[in-house]
Amino acid sequence: MKSFVAALLLLTMSKGLIPSIQSQGRRIKTLTIPNMNNKIQTPEELEREAQRLREEVKALENELYSETKAKMQTEIASFFEAADKNKDGQVTLEELQAALKDKLVATSTSPRSKRRAEELVASHQRVQALLKELDVNGDGALQLEEMVDISQMRNRLERRIKMEQKEAAESQASQESSALVAKTEERLQIFEGIANRTTPDVRLLALACYLLPALDALPFAGIPPGTGTNPEITAAVQALASAAIAFRALPFSGILAILALNFVAANGSAARLTRFSARHAIFLDIAAVILLPLGTLVAPNNPLPGTALEVAILISAIAALFGQMADFMPLTGTYAKRFVDNLDNSVKSFLETATAAEANLLLFNEEDADENNNKKND
């Protein structure tokens, strides 16, 4: 039963879909379709008819393939004859390049396809690579048996130009990556040069940062103004006390000073020593303004905490004066150094990102310009 149904379907499709095959503007051969009005008695008869139709279709396919192949060979021979200018039985590189240009440009149907055809054969190295692919015997020229049709040559040239474009893109990407790395390194070196400055002005600014915690810690220190056996120390303490009185007389002086220190500490373009000293001074001033008053509640007449803090401030100021960060100070120095390192990393990350974004924007503008030029040419 299945054979009967299959045979019936094949006959129906044959009658409706392949009554004939056309080639070269003429009828090759017509399939012999059985008269469906004739009554076929058995499934075996339908199977025989189906088998006959299959054989005829196969014969038609073979005939069509043979004619197509013959036509292709004719076209190859015609192209070979046109390319072989000196009629020596072989096509050299120069002859192949000239023949390809004539053929591909002549068959172009639009200005764009014409430009593409000229681009395909413009490169001497590209056509030479094509000849090398086809040159089976390796004599540097093409004989008739080595020649292929023009469509295959075009496809090979298209693949090769795409390969060249890919290699060029990879090379350009590698160069851009190297340039990006070099530019990033250059900017990082500039940043490091600025951050590592310890010039006299940087040292004086770093030293000045410790003035605020020194003034705020002075009332809790164990050296009262006007005492001491050393005249220089006495004069320095008195001057510091006078400065503290004048400083507190200014409205919002403490808040403004803290804001100024915080601005300096967060300024990525400032020297690392200055940023550290400003942040360190903030931590020391917090200790002077908050911790020392709390300590007086526990031990009202104990000047030791205030004196210890003044000593720590003095050591930090001396270190800044010599161009060194007082990151050896417990807690305050350690945390200040951590803030400085975090800011350094943020600035470096920003420089890398900004450099990459700048390169991408430049590449985008170039691609946009190329696209606009292509539209104008079209």
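The values are calculated or read from the model by the stated rules, or taken from the named source; none is laboratory data. Bear in mind the structure is a predicted one, so any value in this text is a computation, not a measurement. Using ideal geometry, Cβ is built from the backbone for each residue, glycine included, and neighbour counts are taken over all protein chains shown. The area values use the complete protein model at the heavy-atom level, side chains included, leaving out ligands, DNA and RNA. Shrake-Rupley method; radii C 1.70, N 1.55, O 1.52, S 1.80 Å.
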Of everything in the stretch 187-201, what is open to solvent by 70 Å² or more (accessible area, probe 1.4 Å) and among the β-branched types (V, I, T)? Give them in sequence order.
I190
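Here is a yes/no grid of residues against (1) free of Cβ contacts under 8 Å to residues at least 24 places away in the same chain; (2) within 19 Å of L100 (Cβ to Cβ); (3) open to solvent by 80 Å² or more (accessible area, probe 1.4 Å):
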| residue | (1), (2), (3) |
| --- | --- |
| L134 | yes, yes, no |
| N137 | yes, no, yes |
| I150 | no, yes, no |
| K162 | yes, yes, yes |
| K166 | yes, no, yes |
| A182 | yes, no, no |
| E185 | yes, no, yes |
What do you reckon, is I233 modelled with pLDDT under 65, more than 20 Å from V340 (Cα to Cα), open to solvent by 70 Å² or more (accessible area, probe 1.4 Å) and assigned to a loop (DSSP other than H, G, I, E, B)?
no
Condition first: of a type outside the set (A, V, I, L, M, F, W, C) and out of contact with any strand residue (DSSP E or B) (no Cβ under 8 Å at 6 or more places or on another chain). Now tell me which residues in the stretch 69-91 satisfy that.
K69, K71, Q73, T74, E75, S78, E81, K85, N86, K87, D88, G89
Look at Q189 and say whether it is assigned to a helix (DSSP H, G or I) and within 32 Å of the chain's Cα centre (by Cα).
yes
Among the residues of the stretch 323-338, the number that are more than 16 Å from I286 (Cα to Cα) and either buried (at least 19 other Cβ atoms within 10 Å of the Cβ) or of a type in the set (S, T, N, Q) (or both) is 4
Filter the stretch 288-322 for residues that are touching a residue at least 24 places away in the same chain (Cβ under 8 Å), under 21 Å from L205 (Cα atoms) and surrounded by fewer than 16 Cβ atoms within 10 Å (Cβ to Cβ) and give the result.
L314, L321, F322
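Yes/no matrix, rows are residues, columns are (1) in a helix (DSSP H, G or I); (2) in contact with a helix residue (DSSP H, G or I) (Cβ under 8 Å, 6 or more places away or on another chain); (3) not basic (K, R):
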position	(1), (2), (3)
F79	yes, yes, yes
A82	yes, yes, yes
D88	no, no, yes
E95	yes, yes, yes
A117	yes, yes, yes
S151	yes, no, yes
R154	yes, yes, no
Residue count, the stretch 46-102, condition of a type in the set (S, T, Y) and closer than 21 Å to S123 by Cα, comes to 1
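Each row is one residue, and each column tells you yes or no for (1) closer than 28 Å to K71 by Cβ; (2) among the charged types (D, E, K, R); (3) under 29 Å from the mean Cα position of the chain (by Cα).
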site: Q128; (1), (2), (3): no, no, no
site: G138; (1), (2), (3): no, no, no
site: N155; (1), (2), (3): yes, no, no
site: A182; (1), (2), (3): no, no, yes
site: C209; (1), (2), (3): no, no, no
Out of the stretch 304-327, which residues are under 16 Å from A278 (Cα atoms) and among the hydroxyl-bearing types (S, T, Y)?
S316
Residues of the stretch 302-319 that turn out to be closer than 8 Å to F220 by Cβ and among the aliphatic types (A, V, I, L, M), as a count:
1
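Evaluate the following for N262: is it among the polar types (S, T, N, Q), within 26 Å of I190 (Cβ to Cβ) and part of a helix (DSSP H, G or I)?
Yes; evaluated as a whole, the condition is true for this residue.
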Step by step: first the residues of the stretch 241-272, then only those that are in contact (Cβ under 8 Å) with a residue 40 or more places away in the chain and either over 27 Å from F322 (Cβ atoms) or polar (S, T, N, Q) (or both), then the one that is surrounded by the most Cβ atoms within 10 Å (Cβ to Cβ). Which residue is that?
G254
How about the stretch 102-113: which of its residues are more than 14 Å from Q152 (Cα to Cα), in contact with a helix residue (DSSP H, G or I) (Cβ under 6 Å, 6 or more places away or on another chain) and assigned to a helix (DSSP H, G or I)?
V105
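So which of R27, R48 ends up being open to solvent by 60 Å² or more (accessible area, probe 1.4 Å), at pLDDT 50 or above and either over 30 Å from K101 (Cα atoms) or not in a helix (DSSP H, G or I) (or both)?
That would be R48, the only listed residue that is open to solvent by 60 Å² or more (accessible area, probe 1.4 Å), at pLDDT 50 or above and either over 30 Å from K101 (Cα atoms) or not in a helix (DSSP H, G or I) (or both).
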Residue check, K58 against (1) within 20 Å of A141 (Cβ to Cβ); (2) at pLDDT 85 or above; (3) assigned to a helix (DSSP H, G or I), all met but one. Which one?
(1)
Does any residue of the stretch 273-287 turn out to be free of Cβ contacts under 8 Å to residues at least 40 places away in the same chain and either touching a Ser or Thr at 6+ places or on another chain (Cβ under 7 Å) or open to solvent by 50 Å² or more (accessible area, probe 1.4 Å) (or both)?
yes
